[in-house]
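Take a look at the structure set out below.
The values are calculated or read from the model by the stated rules, or taken from the named source; none is laboratory data. Keep in mind it's a predicted model, so treat the numbers as computed, not measured. A quick note on method: Cβ atoms are made from the backbone with ideal geometry, for glycine too, and the neighbour counts reach across all protein chains shown.
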Amino acid sequence: MSATRVERIRAALQERFAPTRLEIGDDSALHAGHAGAREGGGHYRVFIVSEAFQGCSRVVRQRMIYDAVGDMMHKDIHALAIRALTAAEAESQGH
Amino acid sequence: MDIQDVIRDQVTNNGVVLYMKGTPQFPQCGFSSTAVQILKGCGVREVLAVNVLADPEIRQGIKEFSNWPTIPQLYVKGEFVGGSDIMREMYDSGELQQMLKDAGLVGED
């Protein structure tokens, strides 16, 4: 089930941002048993590099990502840790 | 008073407001715990910590107020700064410390 969610997150972000890099981690197992996990939502980590973030503040970038995953944010995702960079930023930060 | 007005009052009448799960002494979520640690690391003088688990209306209301789906959420001088990822990035780069310093919210009185 978790693999499916990761694939759905990947598909949504791929379509919206055409990223040059996209890594999605599933940390759900680390949080098994805590309140959010009991409600059924998973914990995920996203590292995404896309020119779509050019000129956007951090808050705007995260809102764009929350918007792209849409309804999953309320049902399937309890927590989504996000690092969203442009290619130039990723390079200057050594990624 | 409408919950949106309550939140607006909180963020405008306090320099630093952290909406979190649990309390600074007993955070109920790892991300909220991280946020508290970061603010401590910045040497913030005073934080209004609002425990959203204690108030379902605030818990839902803050998500709408900020147009942001997750907790924790940080406000500085009435401006939404972000959640724990953004706090971490800004702390690591020194931007958060600078922002709080510029706002006169760190150090001794």
Residue check, A:A81 touching a strand residue (DSSP E or B) at 6+ places or on another chain (Cβ under 9 Å), small (G, A, S) and at negative phi = yes
Residues of the range B:14-68 being part of a strand (DSSP E or B), among the aliphatic types (A, V, I, L, M) and out of contact with any Pro (no Cβ under 8 Å at 6 or more places or on another chain), which ones?
-> B:V16, B:V17, B:V44, B:L48, B:V50
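Restricting to the range B:13-36, give me the number of residues that are out of contact with any strand residue (DSSP E or B) (no Cβ under 9 Å at 6 or more places or on another chain) and more than 14 Å from chain A (Cβ to nearest Cβ).
Going through the range B:13-36 one residue at a time, the tally reaches 1.
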Of (1) at pLDDT 95 or above; (2) within 22 Å of A:I65 (Cβ to Cβ), B:G30 satisfies all except one. Which?
-> (1)
Looking at (1) surrounded by fewer than 20 Cβ atoms within 10 Å (Cβ to Cβ); (2) within 22 Å of A:Q62 (Cβ to Cβ), which is the only condition B:D85 fails?
-> (1)
Do we find a residue being part of a helix (DSSP H, G or I), in contact with a Cys (Cβ under 9 Å, 6 or more places away or on another chain), closer than 25 Å to B:D9 by Cβ and away from chain A (no Cβ under 14 Å) anywhere in the range B:93-100?
-> yes
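How many of the residues in the range B:6-32 are buried (at least 20 other Cβ atoms within 10 Å of the Cβ) and in contact with a Cys (Cβ under 7 Å, 6 or more places away or on another chain)?
The number of residues fulfilling the criteria is 1.
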Quick one: is B:F80 under 26 Å from A:V46 (Cβ atoms), in a strand (DSSP E or B) and facing another protein chain (nearest Cβ under 10 Å)?
-> yes
Out of B:I7, B:I3, B:I62, sole residue that is in contact with an Asp or Glu (Cβ under 7 Å, 6 or more places away or on another chain) and either over 29 Å from A:I48 (Cβ atoms) or touching a residue at least 24 places away in the same chain (Cβ under 8 Å) (or both) = B:I3
Hey, could you check the range A:43-85 for residues that are over 22 Å from B:F80 (Cβ atoms) and of a type in the set (S, T, Y) and say which is modelled with the highest pLDDT?
-> A:S50
